[in-house]
Amino acid sequence: MFPYIRAVLQEMPVRPEPPTEGFLRHAGHDTASILPMGLNECLLPPSPRVTEAIRNSVDSINRYPDAQCPALSDIITARTGIPVPRIVWGNGSEELIQGAIALSVQQGDRVVLPVPTFWGYRAIVRASGALLVEVQNLEDGMPDVAGIIARSREGARIAFCVTPNNPSGAMLSEAALDDLVAGVPEECLFFIDEAYYEFGAHAGGPDVLAALSRRNGPWIVARTFSKAYAMAGMRIGYALCSSEAIAGALKATTCVFNVPILAQAAALAALEDTAYLKWVLDTIADGRRQLDAGLRSLGLSPLNSVGNFVSVRVPGSGQQVARRMLERGVQINAWADTGYGDFIRITVGTKPMNEACVKALGEVISAT
Ligand SMILES: Cc1ncc(COP(=O)(O)O)c(C=O)c1O
């Protein structure tokens with residue numbers, strides 16, 4: 001044991017490297033011939049206006065970026081009605097999840113998390129030393145609203161809800177959202193992760209901010225440019241907070257210059273190019289329907305997803321199916337949660353990618 005390292009960090013398993021393009025290439029894979037349908041990245045390119053904005057800002061990287069993205073905040077305020085002092089920018093939304101935990105919990109405090117969900121949560125909660133209280137999602141992938149409320153009433157400091165959720169793709173109904181807003185106690189920080197917000201809105205999802213405006217207790221909503229805006233490599237996200245006090249505390253958990261100058265320029269262009277966003281969302285929705293139909297043609301029953309991914313139970317081990325798919329040049333993801341070893345998640349790609357993926361999966365399944 002090392003006396004200068006916090007015990008919880010020494011007890012944590014070594015963090016696995018996510019199988020990014022660069023990681024796979026470094027490990028000797030020919031990534032040019034692999035379809036990257038495993039990490040829920042946007043498999044359509046970013047808007048040409050985004051790449052142009054990045055090019056135009058490259059010569060400014062000798063300067064520090066703005067600490068809290070004022071131009072971006074103005075646009076978000078205009079679109080959400082949340083005043084600038086209640087907006088916090090992060091190095092991806094993951095930094096804001098980490099910040100919300102850092103601002104609210106001390107060693108041993110309770111954190112409520114509906115699972116399965118984004119793999120990052122477990123590691124962040126564990127590193128904080130908080131006590132993770134997991135609430136299993138229902139069979140159809142929907143969150144167990146009554147369970148979340150009940151567990152959050154057992155003295156939890158923070159309760160999370162991810163909608164649309166990853167990896168199920170399930171989205172909270174308006175009624176479920178209202179129940180959560182009313183049921184999570186006022187002493188508990190209610191954090192709604194809307195990393196897939198744009199997809200949810202495109203699918204006609206409920207207005208999370210409107211529902212939260214009826215809540216007396218504290219809340220945070222986190223969104224990202226990593227998904228619908230096709231900017232995962234830029235690392236930029238933002239949080240909308242119930243009060244200036246929460247926003248101030250969240251800011252205090254982040255580094256001062258946490259969002260790079262190129263990410264800010266890119267995000268500004270992305271927000272302005274609303275026609276491109278609509279094209280991405282329409283195209284991904286078509287691709288999701290294509291994948292869903294393809295999986296059904298293999299005799300599988302995909303979960304009902306509104307995200308840029310589809311999950312499905314496969315015969316046998318998800319890990320093994322993912323390995324065999326990679327051998328055939330298609331990278332997908334196997335769910336990591338105990339009890340879900342036979343689920344895989346496929347990121348929606350272009351039409352030819354989706355077609356190739358279904359074909360490869362059919363071959364893998366018939367060979368098992
Ligand atoms: C539900 C959810 N939340 C947060 C994140 C983190 O995204 P980022 O840090 O890129 O904004 C992800 C990434 O996949 C996610 O699926």
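Details
- Taking a sphere under 10 Å around the Cβ of E187 and counting the other residues whose Cβ falls inside, with K and R at +1 and D and E at -1, yields a net charge of +1.
- Region 134-174 versus region 277-335: alpha-carbon centroid distance in Å: 23
- Euclidean distance of C-alpha centroids, region 1-74 and region 191-266, integer Å: 17
- 222 nm mean residue ellipticity, helices alone, for the chain (DSSP H n ≥ 4; -39,500 (n - 2.57); rounded to 500): -12500 deg cm²/dmol
- Using the Karplus relation 6.51 cos²θ - 1.76 cosθ + 1.60 with θ = phi - 60°, the per-residue 3J(HN,Hα) values for region 237-253 come to x, 8, 10, 10, 10, 5, 8, 5, 5, 5, 4, x, 5, 5, 4, 5, 7 Hz, with x marking Gly and Pro.
- Other residues whose C-beta falls under 13 angstrom from the C-beta of M325 contribute a net charge of +3, scoring Lys and Arg +1 and Asp and Glu -1.
- Loop chymotrypsin sites (Phe, Trp or Tyr not before Pro), region 186-264, which have at most 11 other Cβ atoms in a 10 Å radius of their Cβ (DSSP): none
- Across the alpha-carbon set of the chain, the Rg to Rh ratio works out to 0.95, Rh being the Kirkwood radius.
- Partners of K278 within straight-line reach, counting lysines whose Cα lies under 24 Å from its Cα and excluding those fewer than 8 residues away in the same chain: K227, K351.
- Computed from backbone phi with θ = phi - 60° and the Karplus coefficients 6.51, -1.76 and 1.60, the 3J(HN,Hα) list for region 142-149 is 6, x, 8, 4, 4, x, 4, 5 Hz; x is used for glycine and proline.
- Taking a sphere under 9 Å around the Cβ of A211 and counting the other residues whose Cβ falls inside, with K and R at +1 and D and E at -1, yields a net charge of -1.
Computed from the coordinates by the stated procedures, all read-outs in this text should not be read as laboratory data. Since this is a predicted model, take the numbers as computed values, not measurements. Glycine gets a Cβ as well: all are built from the backbone with ideal geometry, and neighbour counts include every protein chain shown.
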